[in-house]
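Please treat every number below as a calculation from the coordinates, not as lab data. Since this is a predicted model, take the numbers as computed values, not measurements. Glycine gets a Cβ as well: all are built from the backbone with ideal geometry, and neighbour counts include every protein chain shown.
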Amino acid sequence: MNFQMLLVTSILILVSLFFGWLYSEKKLNGKFNKIINWISFPFPLLALYSIFKLNLDFGYVLVSLTIFALLIWLMGILIKLDSLKKEARSFFTILLLITIFRSFIFEPFQIPSESMLPQLEIGDFLVVNKYSYGLKNPIGNKTLITMGSPERGDVIVFTPKHTMCSSNLQSAYPNSIDSLSNQQRFNWQRYYENCSELGVKYIKRVIGLPGDEVTYQNKNFLVNGEPLNKKFIEQVSNDFILEESQNSKSYLVRQTNKNRNLNNSWKVPEGHYFVSGDNRDNSLDSRSWGFVSEDDVSGKASFIWMHWECLGCLPEFSRNKFIE
């Protein structure tokens, strides 16, 4: 399904229906308002679902809707339409409160891929703790007040440089661009070709902190020369489920017989982090496209609050749990 087309179509239909409602209210004493309201009902849901599937930055969406509601409120005042003024004021108040909550406290995020199996599945909806590392502005990730920093083993949501068209190769490898292999340069260019102006949010686990020496060899991570502790849990077909530990954090990772030849060593620069997916052989992460800047971190993934895999599926709550 083309979710971009679905989103644009839903927005255009909603705008058209709004002007139809305005005409009905102003010229026809609200004769067709109920019909228009019933027709309008599914399109906000379709637009919202498209936004989640496209993995767009919801902050821009909320701020845009809040400003739009404010403009509609002002329009109601100017044209002296009490019903429009009243409804728009209510929507503006609600959206403003949601924007504040989402910007400074919690943010929703949907898992778009299998890179964090076995713990996180496609269709999981997460709560991202926005204040774990500091208060962010409503649009973008600029930190207003610093309150902490990611630790090894944290699961973080961020916008990697290669997904933003305003970035370049050096932004992902600030201190090691001259030592990059041709394969690393090729990978960056390949991923960068799918960039967007706002970027795309990813979710991965922190492996290395600023100043760490991270090595990946024979499907194992070493941090400052020390291998991460692993314990075999089970084998499912060709998949191996292992328990991995960093400091006091323990979590499950998945490995296969697949060989991607990602052996390498990295020195994590200041202000950056090295991240990896828990589905180690099916994840595009710092091994492929470089480091994550602390300025691009949105927050810490904390809780699965719903599982909704497809538009025709019913939401499920059996997977609700805290994220390890």
Worksheet, complete the sentence: Within the chain, the percent of DSSP beta bridges that are antiparallel, given to the nearest 5, stands at 95 percent
Discussion item. Can you tell me the orientation of helix 182-192 relative to the chain, as the angle in degrees between its alpha-carbon axis and the longest Cα principal axis, to the nearest 10?
Written reply: 10 degrees
Worksheet entry | Among Val127, Pro150, Ile100 the positive-end extreme of the charge dipole of the stretch 89-159 (Cβ point charges) | Ile100
Discussion item. I'd like the orientation of helix 58-78 relative to the chain: the angle between its Cα long axis and the longest Cα principal axis, in ° from 0 to 90, rounded to 10.
Written reply: 10 degrees
Worksheet item: Where in the stretch 11-81 are there trypsin sites (Lys or Arg not before Pro) that are in a DSSP coil and have at most 16 other Cβ atoms within 10 angstrom of their Cβ?
Response: Lys31, Lys80
Discussion item. I'd like the chymotrypsin sites (Phe, Trp or Tyr not before Pro) in the stretch 63-165 restricted to DSSP loop residues with at most 15 other Cβ atoms within 10 Å, sorted by number.
Written reply: Tyr131
Worksheet item: At a Förster radius of 35 Å, what calculated FRET efficiency corresponds to the Cβ-Cβ distance of Ile122 and Ser265, to the nearest 0.05?
Response: 0.65
Response to the item:
For Phe232 and Thr9, extending 7 Å from Cα along the Cα-Cβ vector and measuring point to point gives, in nm, a value of 5.1 nm
Discussion item. Taking 0.36 nm per residue of sequence separation and subtracting the Cα-Cα distance, how much length would be gained by fully extending the chain between Leu81 and Asp295, in nm to one decimal?
Written reply: 72.6 nm
Discussion item. To the nearest 20 Debye, how big is the dipole of the chain about its Cα centre, given +1 on the beta carbon of each Lys and Arg and -1 on that of each Asp and Glu?
Written reply: 1020 debye
Item to complete: Mind sorting Asp124, Asp295, Asp178 by how few other Cβ atoms lie within 10 Å of their own Cβ, fewest first?
Response: Asp178, Asp295, Asp124
Worksheet entry | Structure-derived Cα extents along the principal axes in Å: which label, when the choices are (1) 75, 41, 35; (2) 67, 48, 40; (3) 58, 44, 37 | (1)
Worksheet item: For the chain, what does -39500 (n - 2.57) per DSSP helix run (n ≥ 4), summed and divided by total residues, give at 222 nm, in deg cm²/dmol to the nearest 500?
Response: -10500 deg cm²/dmol
Item to complete: May I ask you to derive the FRET efficiency for Ser248 and Asn320 from their Cβ-Cβ distance with R0 = 22 Å, giving the value to the nearest 0.05?
Response: 0.40
Worksheet, complete the sentence: Nearest 10, in degrees from 0 to 90: the angle of helix 42-53 to the longest Cα principal axis of the chain is 20 degrees
